[in-house]
Structure formats: C-alpha cells, structure tokens
Amino acid sequence: MAKIGNIKLIDKPEKLDSGAAFLLRMPSPISSTVPLDENSFVEVEKGNHYVVVRTIGLNEYKQAFRYGLELAQKGLDILSIIGKADLSTRDVIDENLVWWSSGDEVNLRITDTSSISFSIEKKGALLGDVIASYPVYSTAYRYFRLSQITDDLFDAYRNMYLAFEFLASESVPRKKTPTKSGKIQWESESLWLKRYLSSINQEILTSTFYGILDYKQAFIDQIYKTARCSLFHAKDGESFFSPHGDIVDRKTVADAMDKLTRIFLLLSKEKNPSIRGLGASMSTGSQKSMFISSYVNDSFFILSDDDSPFDQHEEGFDHPRYKNVIKSGTVTENPSITHEFSLIGKIKNIKTGGLTKIRCVELANEKTSLCTGILEVPLFIDGFDFIEIQLNQKMISAKSAKQKFTM
C-alpha cells in the first residue's frame, strides 16, 4: 500500500486509483476524512504536512492535478465550515504528488521546484552622487505594501488594483454629474479608465502590452474586466474567479498582476526616482540555457530514503544513501502547465530493491549530485507501477516586486 506518512494514497485491490497530495501551511492539528461523494475522499492526519485526495477514473497528469486540487480545496472548506480545522495549502504548483491510472497500472509524479534569485548591481557610484528624496505620501502606497506582504495572489491583485485606482484618481478624478432628481451620476469605470490611460505616458502602456495595437482596450479587457471584476465579485451564475481554484484562472491573474505592477511602478517612478524599480530581467534564451540545456541528456534523478541535509561540498556517490536507491532515465525537457522551464525523469517498472519509502529526490549527473529536495513526510511507494520526477526551474529577480505567491 502506498501512503504519505500514515495517509493511504492507493491500495491496488480498491477502486480508488487516482489522486493528489498537497502541502499544508502547517501540519494538520487533527485527523479527519471528508467524503465528498462515494468515489472521492479528502484526508488529513494529525501532525502530517499533506492533505490527500483519493478518487477514481483520472487517466492523465493534467486532469489529475487540476481535479485533485479542486477536491482538496473543497475538503478543506468543509473542515473549516464545520469547525474542525482551518487549514490552507501552500506551494501547490511547486510541490505536489499526483497519481493517475493507465489501464491496470498506476503512475505517480513527484513535483518539486528550484528557484534562483538574482540581481544586477550598479557599480562605481560615489557616496553623495545621487541622494534620492523620499516620495510625497500617497494612500496608494498602503495598498501597494499590502500587495507585497500577502502570500495569496488574488489578495495581492486586489490590493495592487486599489493602489493603481487611487493613483489614477489622484490625477484624473472620475466625473460626476447631478441629475434632475438631485442624485449624482458617476462616470462609468470604462470611460474613466480610458480617459486616465489617455493622459499618461503612452510608452508605459505600449511596452507593457507589446504588439497590441489597441493597448488601452487591452488594459480594460485584461486588467479591469477579466482580472479585477472576476476578483471583486462572486455571484452565483455569473463569472468570477474562485480562490485557490482553477490553475488557468490563476495564470490569467498572475499575468495581469505582472502587467499591473509594472504600470503602477513606472507611473509612480515618474513622480519620484526613489520609487523602487522593476528589478533585473533575464532573456528566455539565457534562462533556458541555464535551466534546461545544462541538464538535458546528461542528468538523471535519484530517489532514496535518506533525509540528511544536502552538503554542497559533497562530491561523488560515496555517501551511504547511495547503497539503495532508485534511478530514473535521462532527464528530458518538459514544459508543464504551470512552469515554462521544467525537467522530467521517468522510472518504469519500478524495482525498489528493498527501498520501501522515499525521503530524498536528487538531480545528479555521472559525477555528482547537483541538487536535493527532501520530502516533508516519508512517501511509501508500494502500489505504484511508474514514477515520474518533475523538477521545475524559475528565476526570481531579487529587487523586483513580489513574484512568488502560494496557494
């Protein structure tokens, strides 16, 4: 029987042949199983870092990941509303376990993510050459700060939009017209936005919506109508984005967040140079060379039951943990539904050789281990026929506005 800690993942005689496991922000304080229907169950275990979904009939990774995530969030919603525990997932895109059936066989994918932070420093400036003044205070900065200190993407977007909205209204207020009845008729949001966007430096918009002819309409469609309205409203039967919901919706908001943050900072920086910049960037080609080309056709994954800390000075394979391991085939490039740069290694017809649990996942070449990830809880793999290991890679600019949000 396969399990994570003491939570069952799959037991071949049973019909529940698919599922997913996601990390919790903190270990669960309770043990509980939530039946969502006769074929779907969500389980947490006291002291365990994972929430586990068991279901049936999922036959490929994307389907299992997206449906598993949906069920996990529903199960946690129920635990909260009945007063058992208020739990939240974290890093579901970056770290997860997903399994699905293919005929009589069950595939498991272990996903981890490696992040690299970088910055480009300006050298040679003498002390006193430039003394940046502090900006005149704006309430917009409060909303901006709140967007930077939350780990939730949707909360961050709402506050970033409010920061932009206040900044815009400071320089171009919405028009209001008295009606015959004595009430005030406010200018529509779309008309006000177009009027404001026409008043600013157009290069900010053209560079943000590069290649789009009607960039002001693109702002209204992407930033306001699609992202803003879908996050500020939640009416049954109407379009909205559910928190911790579909990954496609999340990608839509993440893209809008990048654009809106860029526009807000560039507009703010025009008023005062001391406003933070956009941070350094790296071309797609450079990132691919760093993340993919260096490893494809030369590296592989190693699974072991050792959870000792990674020693960056360690070379070769003399450590005792290498006496009993499972090794994948050569890694290949695998752009995923969540990450542009991703490697994958596959292990077919698993032969454990006595290895019953996994604690450590390593990327290695023929000379040495390159990087290591330690699972929060032991993963027992008996019951899986194939294992895939996916390592996502992403670059984060050290001085940019916040780029990593969890769910």
#### Entry: Per-region count, the range 390-406, residues under 18 Å from S286 (Cα atoms) and not aliphatic (A, V, I, L, M)
4
### Task
Answer yes or no: is there a residue in the range 87-94 that is of a type in the set (D, E), under 19 Å from V361 (Cβ atoms) and either in the same structural domain as M26 (by TED's automatic domain parsing) or more than 15 Å from the chain's Cα centre (by Cα) (or both).
yes
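Residue-by-condition table, conditions (1) at pLDDT 95 or above; (2) assigned to a strand (DSSP E or B); (3) more than 23 Å from the chain's Cα centre (by Cα):
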position	(1), (2), (3)
L9	yes, yes, yes
P13	no, no, yes
A21	yes, yes, no
P27	yes, no, no
V34	yes, yes, yes
F41	yes, yes, yes
K62	no, no, no
### Task
Identify the residue in the range 255-278 that is surrounded by 17 or more Cβ atoms within 10 Å (Cβ to Cβ) and among the small types (G, A, S) and, among all such residues, is modelled with the highest pLDDT.
A256
### Query
Out of the residues in the range 346-403 that are small (G, A, S) and surrounded by 16 or more Cβ atoms within 10 Å (Cβ to Cβ), which is farthest from L153 (Cα to Cα)?
G383
### Filter result (surrounded by fewer than 19 Cβ atoms within 10 Å (Cβ to Cβ) and outside any loop (DSSP other than H, G, I, E, B)) within the range 43-60
none
### Pair list, Cβ < 6 Å and 6+ apart or interchain, from the range 11-37 residues that are within 20 Å of D112 (Cβ to Cβ) to residues that are of a type in the set (D, E, K, R) and surrounded by 12 or more Cβ atoms within 10 Å (Cβ to Cβ)
G19/R54; L23/R90; L23/D91; L23/E95; R25/R90
### Task
Select from the range 107-123 the residues that are among the aliphatic types (A, V, I, L, M) and at pLDDT below 95 and write down the one among them that is surrounded by the most Cβ atoms within 10 Å (Cβ to Cβ).
I116
### Task
Determine the pairs where a residue that is under 19 Å from F219 (Cβ atoms), located within the range 172-192, has a partner that is among the basic types (K, R) and in a loop (DSSP other than H, G, I, E, B) with Cβ atoms under 6 Å apart, the partner being 6 or more residues away or on another chain.
E187/R174; E187/K175; W192/R174
### Task
Considering only residues that are of a type outside the set (F, W, Y) and part of a strand (DSSP E or B), look in the range 81-103 and name the one that is farthest from N349 (Cα to Cα).
T89
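The values are calculated or read from the model by the stated rules, or taken from the named source; none is laboratory data. These figures come from a predicted structure and were not determined experimentally. No Cβ is skipped: glycine too gets one built from the backbone with ideal geometry, and neighbour counts run over all protein chains shown.
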